[in-house]
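Here is the structure we will look at.
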Amino acid sequence: MAGLLAGTRVLDLTNVLAGPFCCYQLAQLGAEVIKVEVPGSGDLARQLGADPELNRRGMGASFLAQNAGKRSITLNLKAPKGCAAFARLVGTADVVVENFRPGVMERLGLGHAELKAIKNDIIYCAISGFGQDGPLKFNPAYDQIIQGLCGVMSVTGDAQSAPLRVGYPVADTMGGMTAAFAIAAALVRRERTGEGEFIDVSMLEASLVAMGWAVSNWLIAGVKPQPMGNENMTASPSGTFRTGEGLLNIAANKQEQFETLCRLIGCEELIRDPRFIGREDRKRRRVELKGEIERAPAARSAQAWSALLNKNGVPAGEVLDLPAVLEHPQVLERGLLKSLGCVPGVDRPVRVVRCGFRLASGDPEPASPPPALGADTGELLGELGFAKRDIDELAGEGAI
């Protein structure tokens, strides 16, 4: 069946992660995503990733991860004819996504007002570090900068290690996810009313929103969040425990789960121990309680304890590294990974992760491999009505 966004054309002018991640989600849902790249270099992510040879080829692992299902056109937006070709492309589009610093598109003559004059119902999404206004709007924004400013680092790690960066680009990812959500909502309204929209996504704000309880505990309860490492501030025993082999997360957040846990590990006396009788008692004495509990888990592996605890209604799970989780039966059976087959410029099989949900009408997935730089330029310009001699002229002038 057709994807949920089939028939939607998205122009992706973005680089590296937040914007490409957003447009990758839209592509998996069936949107036609056209990646508009700088001639000769393209998205910086083409040069990023753990394999130097792929980076040299312009097909870095970072690029491959977020750009399947897209087409690539190279346009020099600083050249008048390149700008004119882009304007013609806008006339066929539903959505434009960019992640330049505020003001860059306006200086190119391609800001929201100009594009709205071309296509009145265009949905324009601008992703930036801090939003389109405010005192920091012109600051460059990288993920780690946002993590530090939004408070994420202040609550990551423990008292000895915090502030600590989250181990993946969480601020970029949340910015991209927020943008995809906003675009999908704008498309729904446009279907009803015919109205376009200007969407201003701030990575700083998207990250703050994602912090949820940490923010509300300060705003509402007046409690400043503290770094607690692998402990859960809302309950105990709830955190990471050593076992005979591997680490185990246990979340015995309810009274009945705590009591079941104590019985299963052979420490039933802890249920009646006055130090741990109530929820707040256990939170205040979490270090003592953890020490008591860890005496028993040393008898089995994390895998064995996880199976036993979950079978009896106590939430638990092994602490896995990425290679292990990507080969886990749960992930494999759900089909999260997508094999892209033959990818231009890549000399090995490429697998990527799909969307984090499935659909009864057909699971979202990219329809094609990530494109080589400018691979679809001639075809797309031809669709716009450019004759071959016009395309050759644009190439000769450096406009494409």
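For region 132-139, the count of residues that are under 27 Å from P371 (Cα atoms), of a type in the set (D, E) and in a loop (DSSP other than H, G, I, E, B) is zero. Selection within region 385-400: residues that are surrounded by 15 or more Cβ atoms within 10 Å (Cβ to Cβ) and in contact (Cβ under 8 Å) with a residue 24 or more places away in the chain. The member of this set that is nearest to S339 (Cα to Cα) is I400. Among the conditions (1) surrounded by 15 or more Cβ atoms within 10 Å (Cβ to Cβ); (2) at pLDDT 95 or above; (3) of a type in the set (A, V, I, L, M), the only one that I220 does not satisfy is (1). A185 falls short of the stated requirement of being modelled with pLDDT of 95 or more, under 26 Å from the mean Cα position of the chain (by Cα) and buried (at least 17 other Cβ atoms within 10 Å of the Cβ).
Counting only residues that are within 11 Å of S306 (Cβ to Cβ) and of a type outside the set (V, I, T), region 242-255 holds 4 of them. Entry remark, region 311-351: residues being of a type in the set (V, I, T) and in a helix (DSSP H, G or I) number 2 in total. Given the condition modelled with pLDDT of 95 or more and within 20 Å of G341 (Cα to Cα), answer yes or no: does some residue in region 1-18 qualify? No, region 1-18 contains no residue that is modelled with pLDDT of 95 or more and within 20 Å of G341 (Cα to Cα).
Within the set T156, T178, T193, the sole residue that is farther than 18 Å from V97 by Cβ, touching a residue at least 24 places away in the same chain (Cβ under 8 Å) and hydroxyl-bearing (S, T, Y) turns out to be T156.
Yes/no matrix, rows are residues, columns are (1) part of a helix (DSSP H, G or I); (2) surrounded by 13 or more Cβ atoms within 10 Å (Cβ to Cβ); (3) in contact (Cβ under 8 Å) with a residue 40 or more places away in the chain:
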residue: N253; (1), (2), (3): no, yes, yes
residue: F258; (1), (2), (3): yes, yes, no
residue: I271; (1), (2), (3): yes, yes, no
residue: K283; (1), (2), (3): yes, yes, yes
residue: E288; (1), (2), (3): yes, yes, no
residue: G291; (1), (2), (3): yes, no, no
residue: W305; (1), (2), (3): yes, yes, yes
residue: L309; (1), (2), (3): yes, yes, yes
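Checking the stated criteria, R189 turns out to be under 30 Å from E32 (Cβ atoms) and in contact with an Asp or Glu (Cβ under 9 Å, 6 or more places away or on another chain).
Checking the structure you have, find out if any residue of region 245-253 is among the β-branched types (V, I, T), over 30 Å from K338 (Cβ atoms) and modelled with pLDDT of 95 or more. Full working, then the answer.
At the first step, the residues of region 245-253 found to be among the β-branched types (V, I, T) are 250.
Subset that is over 30 Å from K338 (Cβ atoms): 250.
From what's left, modelled with pLDDT of 95 or more: 250.
Taking every residue of region 245-253 in turn, at least one turns out to be among the β-branched types (V, I, T), over 30 Å from K338 (Cβ atoms) and modelled with pLDDT of 95 or more.
Scanning region 343-372 for residues that are over 23 Å from the mean Cα position of the chain (by Cα) and touching a residue at least 12 places away in the same chain (Cβ under 8 Å) gives P344, G345, V346, S361.
Among the residues making up region 196-229, those that are without any contact (Cβ under 8 Å) to a residue 60 or more places away in the chain and in a loop (DSSP other than H, G, I, E, B) are G212, I220, A221, G222, V223, K224.
The values are calculated or read from the model by the stated rules, or taken from the named source; none is laboratory data. The structure presented is a predicted model; accordingly, all values stated were derived computationally and were not measured. Neighbour counts run over all protein chains shown; Cβ positions are idealised from the backbone, glycine included.
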